[in-house]
1. Collect the residues in the stretch 215-230 that are under 12 Å from A170 (Cβ atoms) and either touching a residue at least 60 places away in the same chain (Cβ under 8 Å) or surrounded by fewer than 17 Cβ atoms within 10 Å (Cβ to Cβ) (or both), keeping them in residue-number order.
2. Looking only at the stretch 42-69, how many residues end up being under 25 Å from P152 (Cβ atoms) and outside any loop (DSSP other than H, G, I, E, B)?
3. Pull out all pairs, ordered by first then second residue, where Cβ-Cβ is under 6 Å, the residues are six or more apart or on different chains, the first lies in the stretch 79-99 and is farther than 15 Å from I44 by Cβ, and the second is loosely packed, with under 14 Cβ neighbours inside 10 Å and charged (D, E, K, R).
4. Restricting to the stretch 70-120, count the residues that are β-branched (V, I, T) and assigned to a loop (DSSP other than H, G, I, E, B).
5. Scan the stretch 176-192 residue by residue and report those that are in a helix (DSSP H, G or I), of a type in the set (D, E, K, R) and either loosely packed, with under 10 Cβ neighbours inside 10 Å or within 23 Å of the chain's Cα centre (by Cα) (or both).
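Only the coordinates and a few stated rules stand behind these numbers; no lab work does. Just so it is clear, the model here is predicted, and its values are computed rather than measured. FYI the Cβ positions are ideal-geometry reconstructions off the backbone, even for glycines, and counts take in every protein chain you see.
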Amino acid sequence: MKKKFYVIWSIILLMFFASCEKDPWVWDTSRKTGIALDRNVVEIQFSEYTDTTWAAGGASYSILGVPVDYDREILVEVIDSLTNMPSTDYKIEAVLTAGAVRGAIRVWARRPAYKEYEDMKLWVGLRILENDEFIPMMQSPEVTFGVKVVHPQQPKWWVEDLLGKFSEVAYRKLFEIYNELWYKWPRPEEYRAMLALFGYRLQMLTNEGKWSGIYLAYQPLFKQGVLVPLFDYFTEHPNPEVEIPEWYNNK
């Protein structure tokens, strides 16, 4: 009876170890890494704050597998039926960097030459393909990238007596100069309170909707740090869209 008992246990143990040959909780490195997109439509946005020639949009993805110590290229193909941009007007970046388990397929697009194409009228469609490193894990491994140009609108705090007639050129240059102050470290002592009050994108002025109250107290400092450099620039580089206010000419 005891001998029969040992034989039964021996069979059970053999079956157990045989079943554990492939640990279900350990990734089988002989498999290709799976890849799955987080979304299928991406907006490539040209911000209202800059007039850059190129902008990028990223389609984020995750992998099912283990990270490796080298960069891996993701194979994509352009879907002609979903693309109406010339190949010279976009660039594709599809590489998962070493050690990463998440990434993004990026498409860089050139700013549209004509206004009628600025609002999601230009597209690039891509499809992820299987290669030596990755295999798509989605039913539809496709993603489309659309181009959108955002134009600034005159904010209520743009007072023409102080800032001249509103123009996109002056607006963007103003934020360029303001951001130089914002990112300067250490910040000049005299500007710290003003920057903290106005916010990174002058959003506190936008929320308030007008120059008033405490903001008036900072106008001399705002002129000194932002507006004088702004109109110095356009005095040296005249632009027909930019109006120089009277106070600057009389300073």
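1. Selection gives L227, L230.
2. 10
3. V95/D71; V95/E73; T97/D71; A98/D69; A98/D71
4. 5
5. E176, E180, E189
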